[in-house]
1. Name the single residue that is farthest from K18 (Cα to Cα) among those in the stretch 61-84 being at pLDDT 75 or above and among the polar types (S, T, N, Q).
2. Read through the list (1) open to solvent by 40 Å² or more (accessible area, probe 1.4 Å); (2) in contact with a Phe, Trp or Tyr (Cβ under 9 Å, 6 or more places away or on another chain), then give the number of the only condition that L104 fails.
3. If L42 passes every condition in (1) touching a Phe, Trp or Tyr at 6+ places or on another chain (Cβ under 6 Å); (2) within 24 Å of I22 (Cβ to Cβ); (3) part of a strand (DSSP E or B); (4) open to solvent by 60 Å² or more (accessible area, probe 1.4 Å) but one, which one does it miss?
4. Could you list all residues from the stretch 50-73 that are free of Cβ contacts under 8 Å to residues at least 60 places away in the same chain, assigned to a strand (DSSP E or B) and either exposed (fewer than 15 other Cβ atoms within 10 Å of the Cβ) or touching a Leu at 6+ places or on another chain (Cβ under 7 Å) (or both)?
5. Which residues, counting only those in the stretch 80-119, are among the hydroxyl-bearing types (S, T, Y) and under 14 Å from D49 (Cα atoms)?
6. Quick check: anything in the stretch 6-24 part of a loop (DSSP other than H, G, I, E, B) and closer than 23 Å to R106 by Cα?
Amino acid sequence: MKVILRRVTKTPLDFDIKSNEITFKGYLQYHGGKLILLKANLLGSILKDCDVCAEEFKMPLDENIELFISDGMYKDEDGINLDVIESFDGEVEIEELLHSEVELIRSGYHSCDECKHSH
């Protein structure tokens with residue numbers, strides 16, 4: 001789902017995307033200046049290798065995501081530390097954000113239930 005950023009208004013623009021066993025559901029809303037707020041939830045599961053025993057396991061996901069998308073370069077003028085993704089072509093691909101967030105979660109340290117209970 002491709003979204004043209006200049007068309008996002010104060011009225012939330014809902015999205016609901018499914019990829020494999022994951023649902024990415026939320027909305028985009030104009031925040032101010034060049035910033036668009038994205039609030040969403042990642043729900044489902046992914047396959048991940050255990051960082052302890054290296055066996056593959058199904059890791060459940062239930063993550064709330066809140067970030068900003070900047071239409072162009074973002075300059076922090078208020079000293080507020082925001083999670084901002086910059087878009088230089090005036091649009092955002094929601095599927096790319098889904099895959100990016102999943103890979104960010106996957107890159108963290110995670111162990112299977114068996115290893116969690118044995119240590």
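1. S70
2. It fails just one condition, (2).
3. Every listed condition holds for L42 apart from (4).
4. E56, K58, P60, L61, D62, E63, N64, I65, E66, L67, F68, S70
5. S107, Y109, S111
6. There is at least one residue in the stretch 6-24 that is part of a loop (DSSP other than H, G, I, E, B) and closer than 23 Å to R106 by Cα.
The values are calculated or read from the model by the stated rules, or taken from the named source; none is laboratory data. All values derive from a computational prediction rather than experimental measurement. Positions of Cβ are backbone-derived with ideal geometry, glycine not excepted, and every protein chain shown enters the neighbour counts. The protein model used for the area step is the full one, side chains on, heavy atoms only, and it has no ligands, DNA or RNA in it. Shrake-Rupley method; radii C 1.70, N 1.55, O 1.52, S 1.80 Å.
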